[in-house]
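Q: Got a structure for you, written out below as structure tokens; questions coming shortly.
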Amino acid sequence: MSAIIFILQLILAVIMLPLHILSFLGMWDLVVKRAFPLLFSKFLISYNKVMEEHKRNLFRNLSDFAGSSKELRLLEIGCGTGANFKFFPKECRVTCLDINPNCKQLLGKSLAESDHLKFDGFLVESAENMKSVADASMDVVVCTLLVCSVPNTLAVLKEAKRILRQVSFS
């Protein structure tokens, strides 16, 4: 049994060797930041096909959260390639935030297919510290496939609460 474990460990070490070399050379971050958005965009095509009905239901009443101007201000945290854009309501003002600056160039295709939106910009920041987003400046914050991958989920939720417009119920 120990021989099998040793062989499996050896196989795993050989498979991981290129990753260790990239890390040692200081190139791991570069590879991840460039390759991840491309690979993730391919995954999202299949994911959105499976989740389309659920996303339509989830995002169907976003317009109800618009402020007194009736113009919905939406921040998408971890926007990636803009896979959610087609589900956002017409005339919605979208600001994208992603820690990976390489996602911005991949947004082009989604923006071209989403002429129903008003694109307000792309911010390169951590979701735990969105310092360039003003307090109470957004009506809606959207993050899908993100919270499970951030180092501090509570900090992300606190930041989302800070930037959301306060709603009073009468």
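Q: Checking the structure you have, find out if any residue of the stretch 25-39 is closer than 26 Å to Glu128 by Cβ, crowded, with 18+ Cβ neighbours inside 10 Å and either modelled with pLDDT of 90 or more or of a type outside the set (Asp, Glu) (or both).
A: Scanning the stretch 25-39, I find at least one residue that is closer than 26 Å to Glu128 by Cβ, crowded, with 18+ Cβ neighbours inside 10 Å and either modelled with pLDDT of 90 or more or of a type outside the set (Asp, Glu) (or both), so the answer is yes.
Q: Please pick out the residue among Leu44, Leu10 that is aliphatic (A, V, I, L, M), at pLDDT below 80 and surrounded by 10 or more Cβ atoms within 10 Å (Cβ to Cβ).
A: Only one candidate passes the filter, namely Leu44.
Conditions (1) of a type in the set (Ser, Thr, Tyr); (2) farther than 25 Å from Leu39 by Cα; (3) in contact with an Asp or Glu (Cβ under 7 Å, 6 or more places away or on another chain), marked per residue:
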{"residue": "Asn57", "(1), (2), (3)": "no, yes, no"}
{"residue": "Lys70", "(1), (2), (3)": "no, yes, no"}
{"residue": "Gly80", "(1), (2), (3)": "no, no, yes"}
{"residue": "Lys86", "(1), (2), (3)": "no, no, yes"}
{"residue": "Glu91", "(1), (2), (3)": "no, yes, yes"}
{"residue": "Asn100", "(1), (2), (3)": "no, no, no"}
{"residue": "Ser137", "(1), (2), (3)": "yes, yes, no"}
{"residue": "Val141", "(1), (2), (3)": "no, no, no"}
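The values are calculated or read from the model by the stated rules, or taken from the named source; none is laboratory data. Everything numeric in this text was worked out from a predicted model, so none of it was measured. All Cβ positions, glycine included, derive from the backbone under ideal geometry; neighbour counts span all protein chains shown.
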